[in-house]
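Inspection log for the structure reproduced underneath, given as structure tokens.
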Amino acid sequence: ETTSIPGFPSGKHEASIPELAIDHLVRLTDDTGLYQHARFTIPNRSHGYCTDDNARGVIAMIRYHARHHDPRALRLLDIYLSFLMYAQGPDGSIRNFMDFNRCWWEEEPAHDGLGRTLWAWGEILAAPPVPAYVPVVKDCFDRSAGHIPRQSLRGLAYSVFGLQGYLRRFPDATAMKRHLEAAAHTLVAQYEEMGDADWVWFEDMLTYDNAVLPHALFIAGPILGNDRYVKIAVKTTEFLLRTEFDGDHFSFVGCRGWYERGRSRTRFDQQPIEAAAMIRMLRAAYGATRDVEFLRLQKIAFDW
């Protein structure tokens with residue numbers, strides 16, 4: 001069974017995608033949250049839970065429920081949202097790793113949990129299943145927004161996605177517009193410091209979830225009325241496509257060594273997160289430029 005991709009042009013570029021099934025997501029969820037890992041189809045409790053994944057679960061369930069109105073999606077949404085709220089400290093900071101005994105790690109590595117959590121909360125604010133979610137989630141978002149400037153580049157990008165949702169609900173929120181502009185400015189400043197004619201990128205290395213960086217600028221540009229953000233997004237997208245698309249199919253940078261400037265890129269292991277980020281970014285690129293070539297590439301990225 002297939003369904004048309006929303007926004008994909010008709011005619012020779014018509015595309016279809018498999019109907020989404022959430023059975024495995026249901027299997028990976030208990031009353032605490034979404035497990036980090038599974039062994040094939042069986043949840044692996046030894047790795048516990050993380051905020052990153054529960055934030056992804058919120059985003060997926062908001063979008064899935066909007067299409068299918070499946071009551072299972074609301075149940076999962078509430079579990080994942082409850083996890084995010086529990087991860088938030090009194091000062092708005094976000095913890096990320098929890099073991100199976102529901103204990104937060106005392107020492108955890110650096111992470112982008114706050115940015116992903118803001119993204120998840122922004123998705124709810126933009127399209128709440130029922131209005132009662134809005135005041136609860138807004139309060140959570142407001143408490144954590146002050147941490148946005150201290151995020152990594154990817155954390156800033158995820159925060160931009162969350163701010164987009166917040167501003168859809170509250171378009172006159174000037175403080176959030178300032179956060180959005182500051183995040184975009186930091187991305188642009190990093191691009192100007194690191195990039196040159198041969199390496200048109202924000203960092204000295206292509207690592208994971210790369211497409212979120214230009215994606216954030218494709219989002220920020222139209223909201224803030226800044227064409228320069230979009231131009232930089234296009235340039236960095238073209239560099240990423242030259243690196244990862246050979247004219248026929250995508251071959252994403254592998255995680256066994258990544259791709260450091262001046263060295264050979266790693267081809268294995270390629271991760272699905274790269275395809276997912278590329279799909280979302282290309283849709284945003286089309287939205288900002290109206291260039292249908294981005295939609296053609298989006299379908300090829302999905303076929304990966």
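A few remarks follow.
- Accessible area per residue, Å², region 189-258 with all protein chains present, probe 1.4 Å: 43 Å²
- Of the options (1) 25, 45, 28, 2; (2) 32, 62, 6; (3) 26, 47, 23, 4, only one is P(r) over Cα pairs in 20 Å bins from 0, in percent as computed from these coordinates, and that is (2).
- Residues whose amide H falls under 5 Å from that of Tyr259, counting only those 5 or more places apart or on a different chain, are Leu206, Thr266, with hydrogens built in the peptide plane.
- Annotation: per residue accessible area for region 104-174 equals 42 Å², rounded to a whole number [probe 1.4 Å, protein chains only].
- For the chain, carbon and sulfur atoms together expose 52% of the accessible surface, with a 1.4 angstrom probe and every protein chain in place.
- Under DSSP loop assignment and at most 16 Cβ neighbours within 10 Å, longest trypsin sites (Lys or Arg not before Pro)-free interval of the chain: 103-255
- Charge dipole magnitude, Cβ of K and R +1, D and E -1 - region 97-168, Cα centre, debye nearest 20: 320 debye
- Probe 1.4 Å, accessible area per residue of region 58-99, Å²: 46 Å²
- Whole-Hz Karplus values for region 183-189 come out as 5, 5, 4, 5, 4, 5, 4 Hz, taken residue by residue from phi with 6.51 cos²θ - 1.76 cosθ + 1.60 and θ = phi - 60°; glycine and proline positions read x.
- Cα shape, region 176-292, gyration tensor, a/c 1.5 rule: prolate
- Rounded to the nearest Hz, the phi-derived 3J(HN,Hα) couplings of region 77-82 under the Karplus curve 6.51 cos²θ - 1.76 cosθ + 1.60 (θ = phi - 60°) are 4, 5, 5, 5, 5, 4, where x marks glycine and proline.
- Residue with peak Gaussian network fluctuation, the chain [Cα springs, cutoff 10 Å], from Asp70, Asp112, Asp198: Asp198
The values are calculated or read from the model by the stated rules, or taken from the named source; none is laboratory data. Treat the numbers as computed from the prediction; the structure is a model and nothing was measured. Glycine also receives a Cβ, built like all others from the backbone with ideal geometry; neighbour counts cover every protein chain displayed. Just the protein is used for accessible areas: all its heavy atoms, side chains included, with ligands, DNA and RNA removed. Shrake-Rupley method; radii C 1.70, N 1.55, O 1.52, S 1.80 Å.
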